[in-house]
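The values are calculated or read from the model by the stated rules, or taken from the named source; none is laboratory data. These figures come from a predicted structure and were not determined experimentally. When we count neighbours, we look across all protein chains shown, and the Cβ atoms used for this are built from the backbone with ideal geometry, even at glycine. Please note that ligands, DNA and RNA were not included when accessible areas were found on the heavy atoms of the full protein model with its side chains. Shrake-Rupley method; radii C 1.70, N 1.55, O 1.52, S 1.80 Å.
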Amino acid sequence: MLFRSNLSQVNIALVTGGSRGIGAASAVRLAKDGWTVAVNFRANAIAADVVVAQCRDQGADALAIAADVAVEEQVQSMFRVIDHELGPLSALVNNAGVVVAPPSRVADLSFERLQRIFSINVIGSFLCAREAVNRMSFRNGGSGGSVVNVSSIASRFGGPHEYVDYAATKGAIDTMTLGLSKEVAEEGIRVNAVRPGLIHTDFHASGGDPDRADRMGTTVVPMKRAGEPLEVANTIAWLCSPEASYVTGALIDVSGGR
Ligand code: NAP
């Protein structure tokens, strides 16, 4: 489904998984900074509508685009819509990601669960990065740009006894950030990652542990609280901005000291 208002901004950003949580906060924060924002979602069109309206409230243009990032044709189609409806992309926030219920030991993981989580979190991020880089690169006549991958501090902890599969996908995202940043640095593209800690979103309910952020926030986090989506979005917006012009290949923890 497609929603748009009058489009006039020059700087265009795509936020994958922009309909809820950290992605929604990032979309609205980028809109506040004057970006035109493509708000990607997979299933929840009503939530994406709300985010588009919030972007417009900031005076920005916005477009909601349905695409499953794990499906190559849908990713390619999403980027073509941006090309035609908005113009040249200059920022990608590779945010769409899932955790799968229930918390499980590696010994109990099914092939289907592994295939799903790696398809969305890793292959989806690679597909979107590929499409973005091909458009932004000086090599192809692009004007450069910024890719921000949303990883997790789980890549440092490994998620034992509950989400090793998820943590491993974020390890892959960290590595992709390091490699891709060096690959395209001369082509005008900066590639960085934010690694959130425990953030208040629907994500934990999706993983079968809805109280996780509140419960662990007050115990294991040095700042004694879970974070808010906007606290991650502020870092993402900074990485997209010219203020971060000499920052690439960085993995920035936004985790209350954890
Ligand atoms: P969330 O509230 O569950 O939102 C997930 C978003 O991703 C939704 O907009 C959802 O769209 C979208 N999405 C899911 N699967 C998709 C797919 N296949 N294709 C396109 N979009 C898809 O999650 P969140 O907490 O904001 O998480 C955002 C990112 O932060 C993820 O990469 C997550 O791993 C990372 N992170 C979160 C935390 C945390 O504590 N919350 C901590 C560390 C890292 P629909 O609603 O349409 O399904």
**Report entry** Test item: Cα-centred dipole of region 103-240, Lys/Arg +1 and Asp/Glu -1 on Cβ, debye
**Finding:** 240 debye
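So what is the orientation-averaged projected area of the chain, using the convex hull of its C-alpha atoms, in nm²?
Values: hull surface 50.8 nm².
Approximately 12.7 nm², given one-decimal rounding.
Report, for the chain, the % of DSSP beta bridges that are antiparallel, rounded to 5. Display every interim value, and only then the final one.
Values: 2 of 30 bridges.
Percentage antiparallel, nearest 5: 5.
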Report summary line: Mean accessible area per residue over the chain (1.4 angstrom probe, all protein chains present, square angstrom) is 44 Å²
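At a 1.4 Å probe, what is the % contribution of carbon and sulfur to the accessible area of the chain? The partial results should precede the final answer.
Numbers: 6070 of 11370 Å².
Of the solvent-accessible surface of the chain, carbon and sulfur hold 53 percent.
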Report summary line: Accessible-area order for 189, 22, largest to smallest, probe 1.4 angstrom, reads 22, 189
Query raised in the report: For the chain, modelled as a GNM with alpha-carbon contacts under 10 angstrom, which of 193, 47, 27 fluctuates the most?
Result: 47
Query raised in the report: Between region 24-103 and region 178-223, what's the alpha-carbon centroid distance in Å?
Result: 18 Å
Query raised in the report: For the residue pair residue 202 and residue 106, what label-to-label distance in nm results when each label sits 7 Å from Cα along the Cα-to-beta-carbon direction?
Result: 3.2 nm
